[in-house]
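One structure is given here, and the rest of the page talks about it.
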Amino acid sequence: MAERSGCNGSFFSAAGDRRRDLIIGGLNWGSVGLFQFDLIAFLFGGQAAMISRVLYTIVGAAGLWSISMLFTPREAAHTAGAHADGAGA
């Protein structure tokens, strides 16, 4: 099986999960702002549907968690993703 590699936090890591959730939230809010169309509500049975509320909560939590990136020095973020063999720093 091919190994997935990428920059700091691939799409399948915790950081990637945050990014994916923020992308989903951004696209949803963009569609609300531009077209008055809530994609999450459309796909999952309305804003009051339990699954929609869960998804909104996950995206909101990802946004709150991402606030920490504002207070993390950029160098520290890059060195945290250094390769295990020491080649990344």
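Screening the stretch 1-53 for residues that are over 16 Å from Trp65 (Cβ atoms) and in contact with a Lys or Arg (Cβ under 8 Å, 6 or more places away or on another chain) and picking the one that is modelled with the highest pLDDT gives Gln47.
Is it true that Ala41 is among the small types (Gly, Ala, Ser) and surrounded by 14 or more Cβ atoms within 10 Å (Cβ to Cβ)? Spelling it out, Ala41 is indeed among the small types (Gly, Ala, Ser) and surrounded by 14 or more Cβ atoms within 10 Å (Cβ to Cβ).
The values are calculated or read from the model by the stated rules, or taken from the named source; none is laboratory data. The model shown is predicted, which means the values in this text are computed figures rather than measured ones. In this analysis, Cβ positions are derived from the backbone assuming ideal geometry, glycine residues included, and neighbour counts consider all displayed protein chains.
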